[in-house]
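S.K.: Take this structure first; my questions come after.
Laboratory data are not the source of any read-out in this text; all were calculated from the coordinates shown. Remember, predicted model here, so these are calculated numbers, not experimental data. Cβ sites come from the backbone with ideal geometry, for glycine too, and all protein chains shown count toward neighbours.
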Amino acid sequence: MVKVGIPRALLYYQYYPMWKTFFEGLGAEVVVSPPTTQATLAAGSSRVVTDTCLPVKVFCGHVLAMVDKCDYIFIPALRSVKSKIYNCSKFLGLPDMTRAVIPECPPILDIDIDINKGKRRLYQYIYELGRHLSRNPLKVRKAALAAWQAHREYKELMINEGLTPPQAIARISDAETPPPNPDQPAIALVGHPYLLYDELINHRLIHRLEQAGYRVLTPEMLTPEQLEIAITRLTGQPYWTYEEEVVGCGGHYLESGVEGVIGVIAFGCGPDSLMMDMVQRQAIKLGTTPFMSLTLEEHTAEAGIATRLEAFLDMIQRRKRIEAKLCV
Amino acid sequence: MRIGVPHMGNLYIPLKALLERLELDFVIPPVNNQHTLSLGVRYSPEGMCIPFKLTLGNLIEAAEAGADTLLMPAGSGICRLGYYAKTQEQVLHSLGYNAEIVSVGVSQRKLFGLLEVIKRLSNNAPWSKIISAFRFGLTKLNVLDEIERAVQKVRPVERVKGTANQLFAQAVKATEQADDYKALKRVKTDYLEQLSLVERDENAEPLVVGIIGEFYVLLEPFSNLDVEKELGKLGVEVRRSIFTSEWTKFSLFLNPLGVNEKDRLHKAAMPYLKRDIGGEGWESVGEKVLHAKDYDGLVHLAPFTCMPEIVAQNIMPSTKENIPVLTILCDEQLGKPGMLTRLEAFVDLLKHRRRAKVKV
């Protein structure tokens, strides 16, 4: 059986069920790289120039971890998923860049995803991708439709049940996940999934919050409509592909009555440097919900994150106490 | 209404000519200096690139001088440029300036989009006036670039170092003051002649270094710490990949007609980078492949945290076509002595390489 490797980084958290269904529909076996470790990160950063952002370094590490474990590696070049809205250059150049920095990489299955070129072109690309695994166009079509269905179900699962992507992926593969407790006070995390759910690079941020007795809300739990309304309020027309994860989600949670909002960005991230700034400005303007922004990079120390988190949670507690006093 | 514009190299001269001919009220902020940079750095989001910081500095200085309508280039390219205006407007408002930013879309509607913006700003001046003003601006731009090309050739071989730079500074001033086509033509012939008369070292065979990379840092000497002049001092002839006049010629007039000057570069880059990644990333890789034979080396300029150029930088070492590349990342932390040391080392390396080639 042909083995297709999917690195557990970047777009994995958004699209994994879709990709898995597609490739399995074509009779391939899907292999996912193991969760990020310090070694993954070190291996990845040794290949790229220093100014490359942390998530891309992690991505290269994951590709390296799979070099001799699969026949193909799937790396899409995701240019645009909505009309006139584009993605960061690093996503566009990802297959070419991986090929350049990891020459020993197995053949890369790349696909250009660009809605602006029209649906017809997109379908062509999907067939071209499927042709690597199956000569039968009908089989490709069937797999693609099943994949789309899986993706929709995945999204709905996260919105309806308030699950994070790793929880939803676990649920799809029938593992038990404890249901979130709606009575707990909530803290919202704002940022790209590859930062929020990679436990190594964010030093188990979600786990820490849960330990402190908070329920964690993430961008995936919001409906597209909620995100769109928030984006329109903050910036008018969206510009980046994943703007809703940051600006939309931040804008929504800042006014939704959560205890606090934490923005997570990677150092040197181009789009985020602007988008998180938008959210921060909005937080200052509203002045109702505490906001903290965490910048992650290779040198981010666990102790640093823990200290800042503690201080932030202490502040929320103190605020609550003062408010309670005022009410009496 | 008072119009303010940000800087990019000598672009303010043609812009000034254009706005003057349309009889509009405008301010040109002081040319980029340390104060502009500090203003920009202080009020920009932390991780932004130097073009944002400098243009923000310009806009603040323009608003300070009373401008209420600020022109800012925008485009739905793939880099952050399309988001500049939104954020800069917020910064200006939070600083208490009541200025409006008009984004001038350069990538979508080409010439007509630009002309329409001018029409709107000029309170519906007749088209004939707009077009004549626009033409005059373009002519100034062409004159400046033509003189600059000549300067680039003279710099490495002149006997008395600094002559060409001096002449260029005078030429820029003279172009700024010229107020009709005749005067402009005189400036051009006059300075080209003076440059050709500069005493040269006839035996010199200067190294040829291509300057490639991101648009703004290439064209704004303040942001790249005069890398061209410094290379000139070291006796290196530079060939810059982007000139504003060429860029306007193609992107405003020829690209809509289907002529694309960049096709050559894209084709060259194809084996290594198959798609447009925004900004000038694709072109940078193409330049390396294309000029590996005819240049001695390349200086690759990019703003710190520039997304497309980082991808290009990652891909460049893997090309079969081999040519030394020195990448310089520009931001407010870039120091002149550090850059000079690197340039000197790079030029030494190129000299050795050339000598080795001659021996073989």
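S.K.: For a bin width of 10 Å, list the pair-distance distribution of the stretch A:3-160 built from all Cα-Cα distances, rounded to whole %.
M.R.: 11, 38, 37, 13, 0
S.K.: How large are Rg and Dmax for the stretch B:289-341 when calculated on the C-alpha trace, in angstrom?
M.R.: Gyration radius and largest Cα-Cα distance of the stretch B:289-341: 12.4, 34 Å.
S.K.: Counting pairs of alpha carbon atoms under 8 Å apart in space and at least six apart in sequence, what relative contact order in percent does chain A give?
M.R.: It comes to 17 percent, rounded to a whole number.
S.K.: Also, quick follow-up: Roughly how compact is chain B, stated as its Cα Rg over 2.2 N^0.38 Å to two decimals?
M.R.: 1.00
S.K.: Run through every distinct alpha carbon pair of the stretch A:180-327 and return the Kirkwood hydrodynamic radius in angstroms, one decimal place.
M.R.: 15.6 Å
S.K.: List A:Cys53, B:Cys306, B:Cys79 from most exposed to least, where exposure is judged by having the fewest other Cβ atoms within 10 Å.
M.R.: A:Cys53, B:Cys79, B:Cys306
S.K.: For the pairs A:Lys90/A:Lys155; A:Lys285/A:Lys325; B:Lys288/B:Lys351; A:Lys117/B:Lys140; B:Lys173/B:Lys249; B:Lys233/B:Lys262, note any where the Cα-Cα span goes beyond 28 Å.
M.R.: In this structure, A:Lys117/B:Lys140; B:Lys233/B:Lys262 exceed 28 Å between Cα atoms.
S.K.: Local charge sum around B:Val311 (other residues, Cβ-Cβ under 9 Å, Lys/Arg +1, Asp/Glu -1)?
M.R.: It works out to a net charge of -1.
S.K.: Sticking with this one: In a Debye calculation with equal point scatterers on the alpha-carbon sites of chain A and no solvent, what is log10 I(q)/I(0) at q = 0.10 Å⁻¹?
M.R.: -0.60
S.K.: Next up: For the stretch B:86-135, what ratio Rg/Rh do Cα atoms give with a Kirkwood hydrodynamic radius?
M.R.: Expressed as Rg/Rh, it is 1.11.
S.K.: Starting from the coordinates of the alpha-carbon atoms of the stretch B:1-70, obtain the Kirkwood hydrodynamic radius over all distinct pairs and give the value in Å to one decimal.
M.R.: On the way: mean 1/r = 0.0816 Å⁻¹.
Mean inverse Cα-Cα distance, inverted, gives 12.2 Å.
S.K.: Tell me the relative contact order for the stretch A:180-327 as a rounded percent, counting alpha carbon contacts under 8 Å between residues six or more apart.
M.R.: Here the relative contact order equals 24 percent.
S.K.: What is the Cα coordinate range of the stretch B:70-213 on the first, second and third principal axes, sorted by size from largest, in whole angstrom?
M.R.: Extents along the principal axes: 56, 35, 30 Å.
S.K.: Round to a whole angstrom and tell me the spacing of the C-alpha centers of the stretch A:31-67 and the stretch A:252-283.
M.R.: Using only Cα atoms, the two centres lie 26 Å from each other.
S.K.: Further, regarding this structure: Hand me the GluC sites (Glu not before Pro) from the stretch A:163-264 located in a DSSP loop with no more than 11 other Cβ atoms within 10 Å, in residue order please.
M.R.: A:Glu176
S.K.: Also, quick follow-up: What's the local net charge at B:Ala67, with K and R +1, D and E -1, over the other residues with C-beta under 12 Å away? Could you put the intermediate results ahead of the total?
M.R.: Values: positive: B:Arg2; negative: B:Asp25, B:Glu61, B:Glu64, B:Asp68, B:Glu100.
Here the count lands on -4.
S.K.: Could you state the number of Å between the C-alpha centres of the stretch A:103-134 and the stretch B:21-72?
M.R.: Each part's Cα centre sits 43 Å from the other's.
S.K.: Another one. Toward the positive end of the charge dipole of the protein assembly as shown, about the Cα centre and with charges on Cβ (Lys, Arg +1; Asp, Glu -1), which of B:Val259, A:Ser83, B:His300 goes farthest?
M.R.: B:Val259
S.K.: Quick one: Cα centre-to-centre distance for the stretch B:223-246 and the stretch B:140-179, in angstrom?
M.R.: Using only Cα atoms, the two centres lie 12 Å from each other.
S.K.: May I pose another question? Which whole number gives the average, over all residues in B:298-307, of C-beta atoms from other chains lying within 10 Å of the residue C-beta? Mind dumping the intermediate values first?
M.R.: Numbers: counts 0, 0, 0, 0, 1, 0, 2, 7, 4, 12.
Across B:298-307, the average partner-chain Cβ count within 10 Å equals 3.
S.K.: Moving to a separate point now. With the Cα gyration tensor of the stretch B:209-360 in hand, convert its eigenvalues to equivalent ellipsoid semi-axes via √(5λ) and list them largest first in whole Å.
M.R.: Working through the eigenvalues yields semi-axes of 25, 19, 15 Å.
S.K.: Taking every eigenvalue of the Cα gyration tensor of the protein assembly as shown, multiplying by 5 and rooting it, what semi-axes result, largest first, whole Å?
M.R.: Computed over the protein assembly as shown, the values are 46, 32, 24 Å.
S.K.: Please name whichever of B:Val208, A:Leu274, A:His62 sits farthest to the positive end of the charge dipole of the protein assembly as shown, dipole taken about the Cα centre and charges placed at Cβ: Lys and Arg +1, Asp and Glu -1.
M.R.: B:Val208
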